[in-house]
Amino acid sequence: MNDALAATWSPGRGLSAWLREVRHTEIGKRFVVTAFLFFAAGGIEAALMRLQLSRPANAMVGPDLYNRLFTTHGSTMMFLFAVPVMQGVGTFIVPLMIGARNLAFPRLSAYSYYVYLVGGLLLYVGFSFRAGPDAGWFAYTPLSGPAFSPGKRMDVWAQMITFTELSALATAVNLVVTIFKLRAPGMSITRMPLLVWAFLVVAFMIIFAMPAVVVASSCLALDRLVGTHFFNHAEGGDHLLWQHMFWFFAHPEVYIIFLPGLGMISAILPAFTRRRVLGYDVVVLATVTTGFVAFGVWVHHMFAAGLPQLGDSYFTASSLIITIPTGLQLFCWLATLWRAPLRFATPLLFVLGFFVTFVVGGLTGVMLAAVPIDLQVHDTMFVVAHLHYVLIGGAVFPLLGGVYYWFPKATGRLLNERAGKLSFWLTLLGFNATFFPLHMLGLHGMPRRVYTYLPGSGWHHLNLFATVASGVLALGVLITFLNVIVSHRRGQRAEANPWQADSLEWAVPSPPPPYNFADIPTVSSRAPLWEEPSARGVVTGLATDQREVVVTTLLDAAPDHRTILAGPSIWPLAAAAVTGVGFIVSMFTPWGLPVAVALGVPVMVGWFWPKGRPTPLHAEQPGTKAA
Amino acid sequence: MSATANNPAAPRSLDVSGLPSHAFGHRAPLWWGVLLMVAIEATTMALLLVSYLYLRGNEDAWRPVRLGWPTLEVAIVQMALLLASVLPTMGAVRAARDGRLKATRARLLLATALGAAMLVLRCFEIRLLPFRWDTDARGSVFWMTFGLHTAHVLTGVLENAMMLVLLYRGRVEEKHFGDVEAGALLWYFSVVEWLPAMALLYFDPLLWPT
Amino acid sequence: MMPASGYALAPAGPQAARLAQVFWAFFAVCAVVYVVVVALLLLGALRPGAAAVDEPARLRLVAAGGVLTALTLVGLLVVSIHGGHQLNPMRGAKDVLTVQVIGRQWWWELRYPGTAPDQEVVTANELHVPVGRPVLLRLVSRDVIHSFWVPELHGKRDLIPGHDSTTYIQADRAGVFRGQCAEFCGTQHAQMGFLVIAEPEEKFQAWLSAQRTPAPPQEALSAEARRGQDLFLHGTCVMCHRVAGTSAGATMGPDLTHVGSRATLAAGSLPNVHDHLRRWVADAQSVKPGSHMPPTPLSAADQDSLVTYLEALR
Amino acid sequence: MRHRLAAVLVAALGASAGCKHETHDVRPAQELSQSPGGVVLSTLFAGGVPSAIAGTLKDSQQNAYAMNEGKRLFDAYNCTGCHAHGGGAIGPALMDAKWIYGSSPENVYQTIVEGRPNGMPSFRGKIPDFQVAQLVAYVRSMPGLAGGFWAPGRNDAMQVKPGENTVSAQAPVRAPGAPPP
């Protein structure tokens, strides 16, 4: 039975199979590996910036290169690492956690990866040809506009945004439909793992937040290329339109990056505390509340712009309120941890590191929500410290914990524990020593995005200390990179459930076969693998010669009907290539889009045209009434 | 929200071979996929209309051009065509749910023809519009919203056209009736989104003193 | 005269003092919360013990934690909004000095309006203010978004093209306070600083009247300075700079009528001494690469006489 | 497979051939041809311009930063006073294809540095050479002769003309009544 399934579900060998890949496990791994390569590139840019800032009036990096470095560092970390790595983890883990054999739209996930890859390569090819963006990852107009940003630098940025957001939107649609319709029978909405809840909320946030930046970057690209006046005040445009449109997207974006981190903690804790996360309902409602309130806080990025005080006070209140759900989640985890028989493996260390680090960022966030404090520390190194505490503390720490936790599942080999612990301690100490001094620098008046500073400014010692400490942080991260590279081939072999965890992904062998589950499980509780084997059921009756899966109802996951999932196909790559050509050509001439549409139509027809053996239609009979 | 009480323990082995191989409406994954895509496009259109209202706010530079004959009339006819195409689309969906191939094909053809007619009129309107995208901010927002909606309608017409080719000549399968319904979702959205957009783009200038 | 950068928590004015108070209030609360959370974490994680977990009891504790958090946040909200309202005690103030601050790409143009147009004082990068008197700053930007920030006097306020805004500052003690642009504005955003020189009323009025006088006529200049003026009026300087009382009237660059009396050069980047002035004039791109000041290719002797002339413009 | 992907990425990163269009050259060659205030002995230069500036002049023609700086200087040095924004007022129009004194970079350089009869002043010694090269690049991008994709866009002011990047290149024509070459 299994080799029949394997024959049906595996794509075959060779380059053409590699390009036509649609299995969520492979595409998820590609997302994560590519995102970590961009993370390394972003890290190198950060190291260059720290070296330039280590001494006053340093001539190592000129202003033009420095501006390109910090813009590419910001854009890489936000658009090419943080969101895509969460997309990758979601693509890899969600189907496994809900007992499905693949995502609902397999070819759409392949398209999502290829479009992301095109966006990333566009930014770095641009950067290597001195055409990297240089007006900041937020690209405020008029600096990023046609009058003050000559050449194609900001166009590269705007198109990269369009690619990465297109990719995120495609993954979000995929995840929502998979979570809604392909859950294993019995996994009702209240038995879904908390990480799946996090990805569901994040997917909806992506669907409603990303269009804002796609519209904003398209308006900027049109302003620069064909001379529209969205951001030209003399002709009726408005620079604050850009800020509102961008931050309406960018604040939900940071929660899109951060909520999967919280979900991963809820997934890691049970394995190392031998307890289910306390307050399942509280954590779920907190995640959903954070998802909604995240859309109502964006003006706290614009307190210094001189907007009316009443509006600012509203946004102070909403920015303070959003900490309550996250606080409740923390209290639930603390209650879960309280005097539990902990096993201090690396994943748990990174979760504990999250507590120590993220809470600092959360509290400086509360301080930044107050207008009087924000007027002093906005756009200074204080904010740089805050954002790194919440992003590295809140998302990268749980992510590294997740890498150590799910690496055995993805590759079949355990990561080295000693190297993991060493990497954790170096990362924790290096991170705090690098970024805590930046709080003081910000209060002492050091603005953000400055390529140098005067000898008499009094910022020298803290900057030097931060640069040295950033070496320790880099070393910590490097050890995890080496650990992955070495253990990927020579790590200790892992069996199906090395951590004795409770969720479904540990029911399949490591690495999972092409069809994931030999028999799709039925679920009867929140911790399926901690049930006695007798209580676990299986689904039978699915065809093994076709990619057939069972579609279940939305709330109770009762079996509803069977459907055939799409198989390996070259069309996603073709569609991504057409999207790439269309948008890159439209950086140079407005005729790029009509070209894209003209090329796109045949590709779309190729993609949607039915393939494989048709199930004959009983033509003209009154149709098989849906049961 | 506690689940363990009312959910019966799952049976030992669940045979699903008896289940239908296709479903309509919210039970089908494709329907949800198209609904979410409509949500994305709706958010995009809503943001453009919000930025139109935002830019309309600074009155000193806002000089909307009143659209007179024939541009306004051509736009109104297009809206009528779009609204008219909703009926045959709904008819096609009803026929698709009943599996009646001939009726589905005919009604979908009518709906697509009306959509195509609207696109032809739109090409005329492009030449009739008295301002360009680089005239001023209002022109820019107008043309961007105009372009986005045209893209939506074009996508809908092309998708319906492909579906028609399949229904007339291809090997029709059960699930293709579901695709007709999913395509209809996108078409309903393309029609409905143009109502608020038209109010703002075409009729709002009439409120401004000349 | 090149002060270290201002420290936001060492205020020299009523606004910054109010901001510092709100900061310390928030900092105290947040520090306590952090200690409590980390303590709970360590106590809970490092002492394995009770096997049985009394879930309802712990859920009540979690709920209590949530309510406590909400109450704390409401308190902080009140502190923040109350602090915010105090920022503009100047509304009713009488003797308010008004100055127009114009943000240009990578320097600050300052205009003190006079009773008549010719009485207007135009200077750059150094904002003289009388001690104790409130100063209303009209913020205007000519190109991109800048942000006016003097940490020791007040929070920052953006200068956005198309959105003229105002801010108030007041220095309670004499001194020189360093400020800089806080919104990324291009290549030389890092070296777009300025000084706020708070001085007693009479010194301020003396400075103001001195600024209103045009440049010294040729007769009053030394031979070297006269040669310098000749180079100034026939070289590239006259295309961008203005010296009141001479034929140079361009307003693209800073007004140099009283450049000799200024403490710093190049928007607070260099102290105004002979060799720095010479280096800035001869090869500006080595000091601020990318700035709009082109290098002036002169022989050594010409450079000396030009610098002598500029230093004579006290 | 993954190594091949990494190799491609590294190759792309390494290919920093440094495309000429995007470099921000703020410190051009220092040796300037004009001796400010000095007497000019002859205007006959092999190749039309003094050799010192020929390199900078040629590089500036296709460089986005140079053209954008040229546009800023066109307003800063009050060229708009006579030429308006290219439409021509006291001075001749620049955005059309008719050129009285030639449209090659060298001709335009000579026009700016030497001046021309009927009112074009000589800016020798007043504008440094690399800025003249930037002005030449911008002036030639007005009728679309230079820059192409890299020409400046619209400016942040009242719309007097579309951005130079939307201008389709026009073949230069000798203006009627122009002196023989």
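The values are calculated or read from the model by the stated rules, or taken from the named source; none is laboratory data. Small disclaimer: the values here were computed from a predicted structure and weren't measured. Here the Cβ is made from the backbone with ideal geometry for all residues, glycine too, and neighbour counts use every protein chain on show.
In the set C:Leu277, C:Leu310, C:Leu265, C:Leu270, which member is buried (at least 19 other Cβ atoms within 10 Å of the Cβ) and within 20 Å of C:Gln218 (Cβ to Cβ)?
Criteria check complete, one pass: C:Leu310.
Give me the pairs: first residue in the range A:181-193 and closer than 25 Å to B:Phe24 by Cβ and in contact (Cβ under 8 Å) with a residue 60 or more places away in the chain, second residue of a type in the set (Ser, Thr, Tyr) and part of a loop (DSSP other than H, G, I, E, B), beta-carbon distance under 7 Å, and six or more apart or on different chains, which are they?
Between residues of the range A:181-193 that are closer than 25 Å to B:Phe24 by Cβ and in contact (Cβ under 8 Å) with a residue 60 or more places away in the chain and residues that are of a type in the set (Ser, Thr, Tyr) and part of a loop (DSSP other than H, G, I, E, B), the close pairs are A:Gly186/A:Ser524.
Looking for something within 11 Å of another protein chain (Cβ to nearest Cβ) and outside any helix (DSSP H, G or I) - is there at least one such residue anywhere in the range B:98-109?
yes
Just checking, how many residues over the range C:252-286 are within 14 Å of chain D (Cβ to nearest Cβ) and touching a residue at least 12 places away in the same chain (Cβ under 8 Å)?
Here the count works out to 7.
Which number in (1) surrounded by 24 or more Cβ atoms within 10 Å (Cβ to Cβ); (2) at the interface with another protein chain (Cβ under 8 Å from one of its Cβ atoms) marks the one condition that A:Leu241 misses?
(1)
Return yes or no: is A:Tyr124 surrounded by fewer than 24 Cβ atoms within 10 Å (Cβ to Cβ) and assigned to a helix (DSSP H, G or I)?
Judged against the criteria, A:Tyr124 is a match.
Just to be sure, is B:Ala199 assigned to a helix (DSSP H, G or I) and modelled with pLDDT of 95 or more?
no
Which one of A:Ala40, A:Ala35, A:Ala17, A:Ala57 is over 19 Å from the mean Cα position of the chain (by Cα) and assigned to a helix (DSSP H, G or I)?
Step by step, each of A:Ala40, A:Ala35, A:Ala17, A:Ala57 is checked, and only A:Ala17 is over 19 Å from the mean Cα position of the chain (by Cα) and assigned to a helix (DSSP H, G or I).
Just to be sure I understand, how many residues within the range B:41-93 are farther than 27 Å from B:Gly156 by Cα, part of a loop (DSSP other than H, G, I, E, B), more than 9 Å from chain A (Cβ to nearest Cβ) and free of Cβ contacts under 8 Å to residues at least 60 places away in the same chain?
2
Select from the range B:20-33 the residues that are assigned to a loop (DSSP other than H, G, I, E, B) and either touching a Gly at 6+ places or on another chain (Cβ under 8 Å) or within 20 Å of A:Phe204 (Cα to Cα) (or both) and write down the one among them that is nearest to the other protein chains (Cβ to nearest Cβ).
Per the criteria, the residue is B:Ala23.
If I ask for residues that are among the acidic types (Asp, Glu) and at the interface with another protein chain (Cβ under 8 Å from one of its Cβ atoms), which ones from the range C:39-56 would you list?
Across the range C:39-56, the qualifying residue is only C:Glu55.
So that you can scan it fast, the table gives a plain yes or no per residue for (1) closer than 19 Å to A:Thr141 by Cβ; (2) free of Cβ contacts under 8 Å to residues at least 12 places away in the same chain:
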position: D:Tyr138; (1), (2): no, no
position: D:Leu145; (1), (2): no, no
position: D:Gly148; (1), (2): no, no
position: D:Pro152; (1), (2): yes, no
position: D:Asn155; (1), (2): yes, no
position: D:Gln159; (1), (2): yes, yes
position: D:Asn165; (1), (2): yes, no
position: D:Ser168; (1), (2): no, no
position: D:Pro172; (1), (2): no, no
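Could you list, in sequence order, all residues of the range A:588-615 that are assigned to a loop (DSSP other than H, G, I, E, B) and modelled with pLDDT of 85 or more?
A:Phe588, A:Thr589, A:Pro590, A:Trp591, A:Trp609
Kindly evaluate A:Phe230 against the criterion of being surrounded by 23 or more Cβ atoms within 10 Å (Cβ to Cβ), free of Cβ contacts under 8 Å to residues at least 24 places away in the same chain and closer than 24 Å to A:Ser75 by Cα.
So A:Phe230 fits the description; yes.
Restricting to the range A:547-585, and then to whatever is within 12 Å of another protein chain (Cβ to nearest Cβ) and in a loop (DSSP other than H, G, I, E, B), can you tell me which residue is surrounded by the most Cβ atoms within 10 Å (Cβ to Cβ)?
A:Ala557
Limited to the range C:1-38, what total is found for residues that are out of contact with any His (no Cβ under 9 Å at 6 or more places or on another chain), of a type in the set (Gly, Ala, Ser) and either closer than 30 Å to A:Gln329 by Cβ or more than 10 Å from chain A (Cβ to nearest Cβ) (or both)?
Residues flagged as out of contact with any His (no Cβ under 9 Å at 6 or more places or on another chain), of a type in the set (Gly, Ala, Ser) and either closer than 30 Å to A:Gln329 by Cβ or more than 10 Å from chain A (Cβ to nearest Cβ) (or both) within the range C:1-38 amount to 5.
Identify all residues within the range A:170-197 that are more than 7 Å from every other protein chain (Cβ to nearest Cβ) and closer than 29 Å to A:Ala139 by Cβ; write none if there are none.
A:Ala170, A:Thr171, A:Ala172, A:Asn174, A:Leu175
Among A:Thr364, A:Thr316, A:Thr323, which is the only one that is of a type outside the set (Gly, Ala, Ser), touching a His at 6+ places or on another chain (Cβ under 6 Å) and within 10 Å of another protein chain (Cβ to nearest Cβ)?
A:Thr364 is the lone residue from the list that is of a type outside the set (Gly, Ala, Ser), touching a His at 6+ places or on another chain (Cβ under 6 Å) and within 10 Å of another protein chain (Cβ to nearest Cβ).
With respect to D:Glu69, is the statement that it is within 27 Å of C:Phe232 (Cβ to Cβ) and modelled with pLDDT of 90 or more true?
yes
Under 6 Å between Cβ atoms, at least 6 apart or on separate chains: pull out the pairs that start in the range C:74-89 with a residue that is at pLDDT below 80 and end on any residue that is part of a helix (DSSP H, G or I).
C:Gln86/C:Arg18; C:Leu87/C:Gln15
So, C:His189, is that one in contact with a Cys (Cβ under 8 Å, 6 or more places away or on another chain), at the interface with chain A (Cβ under 8 Å from one of its Cβ atoms), under 30 Å from D:Glu69 (Cα atoms) and crowded, with 18+ Cβ neighbours inside 10 Å or not?
yes
Considering each residue of the range A:492-517, count those that are among the polar types (S, T, N, Q), more than 20 Å from A:Ala6 (Cβ to Cβ) and surrounded by 21 or more Cβ atoms within 10 Å (Cβ to Cβ), and give that number.
The qualifying residues number 1.
Being at the interface with another protein chain (Cβ under 7 Å from one of its Cβ atoms) and among the hydroxyl-bearing types (Ser, Thr, Tyr) is the filter here; which residues of the range A:111-131 pass it?
A:Tyr124, A:Ser128
Give just the number: which of (1) at the interface with another protein chain (Cβ under 9 Å from one of its Cβ atoms); (2) over 25 Å from D:Cys79 (Cβ atoms); (3) buried (at least 20 other Cβ atoms within 10 Å of the Cβ); (4) not hydrophobic (A, V, I, L, M, F, W, C) does C:Pro289 not satisfy?
Going through the list (1) at the interface with another protein chain (Cβ under 9 Å from one of its Cβ atoms); (2) over 25 Å from D:Cys79 (Cβ atoms); (3) buried (at least 20 other Cβ atoms within 10 Å of the Cβ); (4) not hydrophobic (A, V, I, L, M, F, W, C), C:Pro289 breaks only (3).
Quickly run through the range A:104-155 and pick out the residues that are among the aliphatic types (A, V, I, L, M) and in contact with a Pro (Cβ under 6 Å, 6 or more places away or on another chain).
Matches in the range A:104-155: A:Ala104, A:Ala110, A:Met154.
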